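The values are calculated or read from the model by the stated rules, or taken from the named source; none is laboratory data. All of these numbers come straight from a predicted model, not from anything done at the bench. Because the Cβ atoms are built from the backbone with ideal geometry, glycine has one as well, and the counts that use them run over all protein chains shown. Side chains included, ligands, DNA and RNA excluded: accessible areas come from the protein's heavy atoms. Shrake-Rupley method; radii C 1.70, N 1.55, O 1.52, S 1.80 Å.
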There are 2 protein chains.
Amino acid sequence: MVAETQIARFLAFADTLADAARAAILPHFRANAPAEAKQGSKHGFDPVTVADRDAEHSIRRLIDANFPEHGIVGEEFGEKASRSAFTWIVDPIDGTRAFLAGLPLWGVLIALAYEGKPIIGVIDQPYIGERFRGWPGGASLVARNGERPLRTRTCERLTEAVIATTDPKLFEPAEAAAFEQVRAAAKITRYGCDCYAYAMIALGSVDLVIESGLAPWDVAALVPVVEGAGGRVTDWRGAPIPNEWFVGATGRAQVAACGDARVCDEALIALRRSHAPRDS
Amino acid sequence: MVAETQIARFLAFADTLADAARAAILPHFRANAPAEAKQGSKHGFDPVTVADRDAEHSIRRLIDANFPEHGIVGEEFGEKASRSAFTWIVDPIDGTRAFLAGLPLWGVLIALAYEGKPIIGVIDQPYIGERFRGWPGGASLVARNGERPLRTRTCERLTEAVIATTDPKLFEPAEAAAFEQVRAAAKITRYGCDCYAYAMIALGSVDLVIESGLAPWDVAALVPVVEGAGGRVTDWRGAPIPNEWFVGATGRAQVAACGDARVCDEALIALRRSHAPRDS
């Protein structure tokens with residue numbers, strides 16, 4: 001168990017990390033450097049790559065200086081083994097395609113895992129100035145007009161649900177067929193929101209998010225935010241994402257997140273059929 | 001011709017209208033009234049309907065008081081015939097599904113048409129606090145940190161283009177096939193941005209937007225913003241949207257908007273085949 005005073009301290013430190021990421025990333029958002037952006041190379045210094053790396057560097061420096069015994073898992077610079085029960089799991093820019101298109105629906109994802117279980121999560125949208133924070137038993141949105149608690153809404157049936165996914169083209173064929181069943185039943189479907197869709201579950205304006213092919217740094221920060229607001233995050237079989245997957249995992253995850261478990265249960269009837277083991 | 005001093009006066013008035021719409025709409029955004037929202041009825045007083053109507057009421061009152069001889073075309077309350085060359089064309093909330101999902105990519109659309117031609121356009125995002133404005137020969141973004149000119153970017157080829165559309169499920173089959181060709185060639189595709197995607201063309205972060213089934217109030221405000229920033233708005237045949245369609249039109253339009261005409265020309269090779277007359 002982690003004491004409440006420790007939670008508060010780590011949450012404040014997660015804010016410090018998110019502030020540092022904001023400062024590193026914002027100058028590059030909508031910076032219109034078409035020459036570099038056009039190269040499209042994985043190794044090219046396009047604006048996203050520069051912002052991504054600068055932000056992860058800043059975050060790692062702060063963790064090393066303040067909690068040298070904590071581990072770090074980051075998208076850009078791999079893993080630093082933990083000499084404690086704590087590991088920070090970081091994705092400086094989740095939603096790079098939204099970032100490239102100038103759309104403010106990308107986010108900075110910061111999580112702290114205790115023995116592999118994400119206990120603190122931050123989804124930060126620097127441009128809008130919104131920070132969704134989750135911890136054991138609670139979640140809040142810090143925005144320009146102050147802080148307010150987050151709470152998922154009730155939604156009894158899939159036919160009443162607002163659902164979201166990142167890109168239907170990214171699913172495997174069996175996954176796409178399962179998703180299509182869910183989509184056809186849902187009231188409204190939105191695409192391309194990445195982490196922001198999970199923030200909307202916590203806010204109570206989206207009911208279900210379905211995604212696949214996710215890495216630990218895509219998922220870790222979302223869990224405390226959604227669950228702290230009263231929601232649920234599972235794989236496509238309805239099982240919790242195992243702690244050991246978040247730190248030192250291999251393989252990608254299929255994730256279903258919801259505000260009201262009844263909507264998840266209904267969607268899982270279709271999704272279960274195309275459930276893939278995470279390590280396949 | 002409309003004199004420059006008149007343009008400046010109308011542009012300032014369009015800002016006044018957008019301010020009034022902001023005040024009417026913002027209290028309803030993310031207001032989480034699940035009981036009403038769930039009715040889903042066209043006539044039900046869900047939060048979007050209330051916000052939509054309140055905003056259009058405010059806008060119409062202001063136009064009637066300040067320019068009683070101007071016509072009005074609005075989504076919610078139909079047409080008021082013009083006793084002059086001027087008509088305001090208004091959609092208080094473009095992107096109601098984004099609005100319902102809590103995503104801040106909907107917009108207030110306000111246009112002023114002179115003899116049917118949209119000469120002033122405003123795309124306002126009240127929650128983020130962004131206002132994209134266009135007029136003959138120019139465009140700007142007014143945001144929390146001030147005003148800056150808008151300029152589309154160069155993009156020579158579709159394979160380098162960031163493209164957007166609202167929802168691939170809304171196309172007719174022939175349209176969907178044409179869009180799929182364009183999507184397969186493009187570098188990045190984003191969905192569900194409604195008017196915000198056109199603002200991103202003006203900003204220089206999106207290269208092409210393709211949509212169909214649009215009404216005059218969906219399109220009118222976009223034209224001065226995209227064209228004022230150096231871009232182009234046409235139908236799927238490559239022809240300008242005719243002035244007579246914007247005021248008192250019947251039928252829906254297929255629209256292609258781009259920052260660099262070369263990308264549109266390439267996309268139109270596929271789109272032209274599924275061009276439908278606007279009055280069909």
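Summary of values
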| read-out | value |
| --- | --- |
| Under Karplus coefficients 6.51, -1.76 and 1.60, residue-wise ³J(HN,Hα) of the stretch B:201-213 in Hz, glycine/proline x | 5, 4, 6, x, 10, 10, 9, 8, 10, 10, 8, 9, x |
| In Å², nearest 10: area of residue A:191 left accessible to a 1.4 Å probe | 10 |
| Alpha-carbon centroid distance for the pair the stretch A:169-209 / the stretch A:72-139, whole angstrom | 20 |
| Unit charges at the beta carbon, dipole of the stretch A:143-225: most positive-side option, A:150, A:212, A:168 | A:150 |
| Area accessible to solvent at residue B:187, 1.4 Å probe radius, in Å² | 80 |
| Net charge of Cβ neighbours under 13 Å - reference residue A:229; Lys, Arg +1; Asp, Glu -1 | +2 |
| Vicinal HN-Hα couplings computed from phi for the stretch B:23-31 (Karplus, 6.51 cos²θ - 1.76 cosθ + 1.60; Hz; Gly/Pro x) | 4, 6, 8, 3, x, 8, 6, 6, 6 |
| Over the stretch B:39-170, volume per residue of the alpha carbon convex hull, in Å³ | 164 |
| Per residue convex hull volume, Cα atoms of chain A, in Å³ | 123 |
| Cα-based shape type of the stretch B:127-263, given that a ≥ b ≥ c are square roots of the gyration tensor eigenvalues and the cut on a/c is 1.5 | oblate |
| Computed [θ] at 222 nm, helices only, for the protein assembly as shown once each DSSP H run of length n ≥ 4 contributes -39500 (n - 2.57) | -10500 deg cm²/dmol |
| P(r) histogram, all alpha-carbon pairs of the stretch A:184-280 included - 5 Å bins from 0, percent | 2, 14, 27, 26, 20, 8, 2, 0 |
| Unpaired by the 4.7 Å Cβ criterion, cysteines found in chain A | A:155, A:193, A:195 |
| Distances in nm from residue A:269 to the matching label points in the other copies, shortest first (labels 7 Å along Cα to Cβ) | 4.7 |
| Where labels lie 7 Å past Cα in the beta-carbon direction, separation of residue A:156 and residue B:172 in nm | 4.0 |
| Spatial extent of the stretch A:136-206: Rg and Dmax, with the Cα atoms as the point set, Å | 14.3, 44 |
| Interface area, B with A, accessible, probe 1.4 Å, both sides summed, Å² nearest 100 | 3600 |
| Label spacing, shortest first and in nm, from residue A:184 to its equivalents in the remaining copies (7 angstrom along Cα→Cβ) | 2.4 |
| Teacher prompt: residue B:19 distances to equivalent labels in other copies, 7 Å Cα→Cβ, nm | 3.4 |
| Convex hull volume of the stretch A:89-163 per residue (C-alpha atoms, cubic angstrom) | 139 |
| Per-pair calculated FRET efficiency, R0 = 22 Å: residue A:272 and residue B:184 via Cβ, rounded to 0.05 | 0.10 |
| Chain B Cβ-axis minimum, rotational copy A, residue and distance in Å | B:191, 2 |
| Whole-angstrom Cα spans of the protein assembly as shown along principal axes, big to small | 76, 50, 43 |
| Too-long pairs where the Cα-Cα distance tops 24 Å, listed order kept, from A:117/A:187; A:80/B:187; A:187/B:169 | A:117/A:187; A:80/B:187 |
| Built amide H within the under 5 Å cut-off of residue B:212, gap 5+ | B:255 |
